[in-house]
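Shown next, in structure tokens, is the structure this report addresses.
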Amino acid sequence: MIDLNKLKEEQLKLAKKVVVKNSFEKLELIAGVDVAFNQNDAVSAIVVCDYRTMEVKERVFAVVKAKVPYIQGFLAYREGSAISAAYAKLENKPDIMIFDGNGILHPRRCGLASHMGILFDQASIGIAKQLLIGEAKDNKAYVDKEARAELVITREHSKPIYVSPGHKVSLKTSVEIVKNCLKFPHKLPEPLHLAHRYADEIREKIAKGELKADIKE
């Protein structure tokens, strides 16, 4: 049985550690992080790119048994162990990480990007495709009168993505970084787009038996 109250308490404690001002020293390498699922196996992919050119510098993946089902607001508990396993394999630690999940745009100000940013002590940004909390007004998403995300239209006739700071980066800078990472015709910032594609590719290879993954329990 999953004790959600205990997890909520943990998120509230982590949220107190979240820093939403620029606290990273440089920005040379940027990583996208995504997780695909093959039944209960979480396939986490991290793609590290050169921030200026978007050239891929490194790709890693890890496959871990997901022990927690999808519960809105608790994504880090479902995907975190797979992401941590992939992160441990990185030879090129990124300066900023972009996650497929919210940062502070979260009921307890501790979405996936904030949670993992604190665990890794990394500057992080969250990207969501839907507004799950708060209200959108003047291109920003507000929760309790606090602007926690900005709506960014990344291509014509597309729904916006919701960019929220995860950790060690401001909302303004998060949006600037995401905009700098856009590459037509992709809707997502390039490192995240590449991570999404890589996670899907690994998942399909495992499903077809073309790749034997070392699946961690």
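The values are calculated or read from the model by the stated rules, or taken from the named source; none is laboratory data. In this text, all values refer to a predicted model and were calculated from it rather than measured experimentally. Quick reminder, even Gly has a Cβ in these numbers, built from the backbone with ideal geometry, and neighbours come from all protein chains shown. When the accessible area is computed, the model is the full protein with side chains, heavy atoms only, and any ligands, DNA or RNA have been set aside. Shrake-Rupley method; radii C 1.70, N 1.55, O 1.52, S 1.80 Å.
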For this session: Answer yes or no: is there a residue in segment 4-24 that is surrounded by 18 or more Cβ atoms within 10 Å (Cβ to Cβ), of a type in the set (A, V, I, L, M), touching a residue at least 60 places away in the same chain (Cβ under 8 Å) and assigned to a strand (DSSP E or B).
Result: no
Problem set entry | Selected residue (criterion: surrounded by the fewest Cβ atoms within 10 Å (Cβ to Cβ)) from residues of segment 123-146 that are in contact with an Asp or Glu (Cβ under 9 Å, 6 or more places away or on another chain) and of a type in the set (A, V, I, L, M) | 143
Problem set entry | Neighbours by Cβ (under 7 Å, 6+ apart or cross-chain): first from segment 53-74, free of Cβ contacts under 8 Å to residues at least 24 places away in the same chain and part of a strand (DSSP E or B); second of a type outside the set (Phe, Trp, Tyr) and surrounded by fewer than 16 Cβ atoms within 10 Å (Cβ to Cβ) | none
For this session: Could you check residue 55 against (1) over 11 Å from residue 202 (Cβ atoms); (2) acidic (Asp, Glu); (3) more than 15 Å from the chain's Cα centre (by Cα); (4) open to solvent by less than 40 Å² (accessible area, probe 1.4 Å) and say which number it fails?
Result: (4)
Exercise. Quick check: anything in segment 172-191 in contact with a Pro (Cβ under 8 Å, 6 or more places away or on another chain) and closer than 24 Å to residue 13 by Cα?
Worked result: yes
Problem set entry | residue 180 being open to solvent by 70 Å² or more (accessible area, probe 1.4 Å), in contact with an Asp or Glu (Cβ under 9 Å, 6 or more places away or on another chain) and not basic (Lys, Arg) | no
Exercise. Quick check, is residue 102 within 20 Å of residue 8 (Cα to Cα) and either open to solvent by 10 Å² or more (accessible area, probe 1.4 Å) or among the aliphatic types (A, V, I, L, M) (or both)?
Worked result: yes
Problem set entry | Of all residues making up segment 150-193, the number that are among the β-branched types (Val, Ile, Thr), touching a residue at least 40 places away in the same chain (Cβ under 8 Å) and closer than 13 Å to residue 127 by Cα | 2
